[in-house]
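Q: Take this structure, written in structure tokens, and hold onto it; I'll ask about it next.
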Amino acid sequence: MRARRGAVVRLLVLAALAGVAVTTSAGCGGDSRGAAPPEETETEAAAPPPEPTPPPPTPVPTVPMSWKAAGAFVWHETDIAPEELGRQMREAGFGWVAVFLHDGLTEDPVEGDWVNRFRSASGLAVGGWGALRSEPAHEAALADALLERYGLEFYIANAEAEYFFSGPEGFSPERFGRSRTFVDAFRRLRPELFAGLSSYCRPDLQDLDWGAWSDTGFAFLPQAYVNDFGPEVAPAVCAAAARGAFSPDSVHPTIGMYPGVTKSLPVERYARLLARAETVGFSVYLAETRMTEEGWHALGEAIGTMGIATYAVPS
């Protein structure tokens, strides 16, 4: 019995040991030398970094409006790229440009975003100009509306024969009175706006109501178109003729850079004529005709060496 019992005990012990061995070999901590290596997963290629966003263009500093700076008139803005004109004028030290807005009560729409493109390229002041005819109060209202539409900073009124007391039909108080009617209507709408009068060279000879303009803060931009009318309208002549009507510091001649009936003058000749006038501030009519890169540069040089204007943009 004891032998049989001992055998049974040995069998139970062996069975128990066998069970432990089985359990141990099935556990997570068993021998793994014979196990298959883990599968390698293919790593995806890293995506390239995103393209850096280019920095915004450096904004062009804006230039405050001043009649003592040099400027230019534009009639047909589609004839010249605003970026090119803006760059050339800024590099020459100019300060403003005026685009054509209306002839009497007839609008002349400015092309698309021409004004904004010029501003972005130059930082210069942009204004408008218009030819006045026979409806001064309505023309003043139209000028105001167009200044608002295009966001312009100043206005130049071009008043000529329609505003003279004398004329081919004889004397006309109504025609003479158009100056006062226009400026009163305009100043009610734009009391503080920079404004100028472009007209004939000789206030001492031409019977327009000059006082209506000077009394209401309009600068005088006499048409010194030597290319059309010869030395009788040289800048110095215009400045002297305006002394009884405008203060000397409000007179800023306009030179004629278009094909005139007399002869076309180079900008260097005009610069010398402006220096003789001893005025500060002038304008070019027209920016889109006969003005070249070299011409803008020559006038810019004359601003510095002859004092014919103040530099709007330091060179």
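The values are calculated or read from the model by the stated rules, or taken from the named source; none is laboratory data. Note that the coordinates shown come from a computational prediction; the quantities given were computed from them, not determined experimentally. With ideal geometry, Cβ positions are generated from the backbone for all residues, glycine too; neighbour counts draw on all protein chains shown.
Q: How many residues are under 20 Å from the mean Cα position of the chain (by Cα), closer than 20 Å to residue 175 by Cα and outside any helix (DSSP H, G or I) when one looks only at region 139-161? Talk me through it step by step, then tell me what you get.
A: Pass one, region 139-161, residues under 20 Å from the mean Cα position of the chain (by Cα): 143-156.
If we keep only those that are closer than 20 Å to residue 175 by Cα as well, we get 143, 156.
Narrowing the set further to residues that are outside any helix (DSSP H, G or I) leaves 156.
Qualifying residue count for the region: 1.
Q: Filter region 196-209 for residues that are closer than 15 Å to residue 181 by Cβ and touching a strand residue (DSSP E or B) at 6+ places or on another chain (Cβ under 8 Å) and give the result.
A: 197, 208 - these are the residues of region 196-209 that are closer than 15 Å to residue 181 by Cβ and touching a strand residue (DSSP E or B) at 6+ places or on another chain (Cβ under 8 Å).
Q: Within region 183-230, which residues are small (Gly, Ala, Ser) and farther than 19 Å from residue 71 by Cβ?
A: 185, 211, 212, 214, 230
Q: Please indicate, with yes or no, whether at least one residue in region 86-98 is part of a helix (DSSP H, G or I) and without any contact (Cβ under 8 Å) to a residue 40 or more places away in the chain.
A: yes
Q: So, one more: Given the structure, is residue 134 in contact (Cβ under 8 Å) with a residue 60 or more places away in the chain, surrounded by fewer than 20 Cβ atoms within 10 Å (Cβ to Cβ) and among the small types (Gly, Ala, Ser)?
A: It is false that residue 134 is in contact (Cβ under 8 Å) with a residue 60 or more places away in the chain, surrounded by fewer than 20 Cβ atoms within 10 Å (Cβ to Cβ) and among the small types (Gly, Ala, Ser).
Q: Here's something else I'd like to know. Please count how many residues of region 105-119 are in a loop (DSSP other than H, G, I, E, B) and surrounded by fewer than 16 Cβ atoms within 10 Å (Cβ to Cβ).
A: 5
Conditions (1) surrounded by fewer than 20 Cβ atoms within 10 Å (Cβ to Cβ); (2) touching a strand residue (DSSP E or B) at 6+ places or on another chain (Cβ under 7 Å); (3) modelled with pLDDT of 95 or more, marked per residue:
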residue	(1), (2), (3)
264	yes, no, no
269	yes, no, yes
275	yes, no, yes
280	no, yes, yes
284	no, yes, yes
298	yes, no, yes
301	yes, no, yes
307	yes, no, yes
313	yes, no, no
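Q: Before we move on, is residue 217 surrounded by fewer than 17 Cβ atoms within 10 Å (Cβ to Cβ), out of contact with any Cys (no Cβ under 7 Å at 6 or more places or on another chain), modelled with pLDDT of 95 or more and more than 20 Å from residue 202 (Cα to Cα)?
A: Here the answer is no, as residue 217 does not meet what is asked.
So that you can scan it fast, the table gives a plain yes or no per residue for (1) within 16 Å of the chain's Cα centre (by Cα); (2) over 14 Å from residue 296 (Cβ atoms):
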| position | (1), (2) |
| --- | --- |
| 52 | no, yes |
| 68 | no, yes |
| 71 | yes, no |
| 77 | yes, yes |
| 95 | yes, no |
| 107 | no, yes |
| 113 | yes, yes |
| 121 | yes, no |
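Q: Against the conditions (1) within 30 Å of the chain's Cα centre (by Cα); (2) crowded, with 18+ Cβ neighbours inside 10 Å, where does residue 208 fall short? Just the number, please.
A: (1)
Q: Which residues, taken from region 241-262, are out of contact with any strand residue (DSSP E or B) (no Cβ under 8 Å at 6 or more places or on another chain) and either free of Cβ contacts under 8 Å to residues at least 24 places away in the same chain or under 18 Å from residue 303 (Cβ atoms) (or both)? Steps first, answer last, please.
A: As a first pass, look at region 241-262 and keep what is out of contact with any strand residue (DSSP E or B) (no Cβ under 8 Å at 6 or more places or on another chain): 243-244, 247-249, 259-262.
If the condition is that a residue be out of contact with any strand residue (DSSP E or B) (no Cβ under 8 Å at 6 or more places or on another chain) and either free of Cβ contacts under 8 Å to residues at least 24 places away in the same chain or under 18 Å from residue 303 (Cβ atoms) (or both), then 243, 249 are the ones that fit.
Q: To continue, here is another question. Name every residue in region 261-298 that is outside any loop (DSSP other than H, G, I, E, B) and within 20 Å of the chain's Cα centre (by Cα), in order of residue number.
A: We begin by selecting, within region 261-298, every residue outside any loop (DSSP other than H, G, I, E, B); these are 267-277, 283-285, 293-298.
Once the filter is applied, which keeps residues that are outside any loop (DSSP other than H, G, I, E, B) and within 20 Å of the chain's Cα centre (by Cα), region 261-298 yields 283, 284, 285, 293, 296, 297.
Q: Hey, could you check region 162-175 for residues that are touching a residue at least 12 places away in the same chain (Cβ under 8 Å) and assigned to a helix (DSSP H, G or I) and say which is surrounded by the fewest Cβ atoms within 10 Å (Cβ to Cβ)? Talk me through it step by step, then tell me what you get.
A: Pass one, region 162-175, residues touching a residue at least 12 places away in the same chain (Cβ under 8 Å): 162-166, 175.
Filter once more, so that each one left must be assigned to a helix (DSSP H, G or I): 162-163, 175.
Details: 162: 17, 163: 30, 175: 21.
If we take residues in region 162-175 being touching a residue at least 12 places away in the same chain (Cβ under 8 Å) and assigned to a helix (DSSP H, G or I), then 162 is surrounded by the fewest Cβ atoms within 10 Å (Cβ to Cβ).
Q: Residue 259 versus (1) within 16 Å of residue 73 (Cα to Cα); (2) at pLDDT 95 or above; (3) surrounded by fewer than 15 Cβ atoms within 10 Å (Cβ to Cβ); (4) not acidic (Asp, Glu): which is the lone unmet condition?
A: (2) is the only condition that residue 259 fails.
Q: Among the small types (Gly, Ala, Ser), within 26 Å of residue 90 (Cβ to Cβ) and modelled with pLDDT of 95 or more: does that describe residue 161?
A: Values: among the small types (Gly, Ala, Ser): yes; within 26 Å of residue 90 (Cβ to Cβ): no; modelled with pLDDT of 95 or more: yes.
No: the conditions fail for residue 161.
Q: Related question: Within the bounds of region 224-232, is there any residue that is at pLDDT 95 or above, buried (at least 17 other Cβ atoms within 10 Å of the Cβ), in contact with a strand residue (DSSP E or B) (Cβ under 7 Å, 6 or more places away or on another chain) and assigned to a loop (DSSP other than H, G, I, E, B)?
A: Yes, because at least one residue in region 224-232 is at pLDDT 95 or above, buried (at least 17 other Cβ atoms within 10 Å of the Cβ), in contact with a strand residue (DSSP E or B) (Cβ under 7 Å, 6 or more places away or on another chain) and assigned to a loop (DSSP other than H, G, I, E, B).
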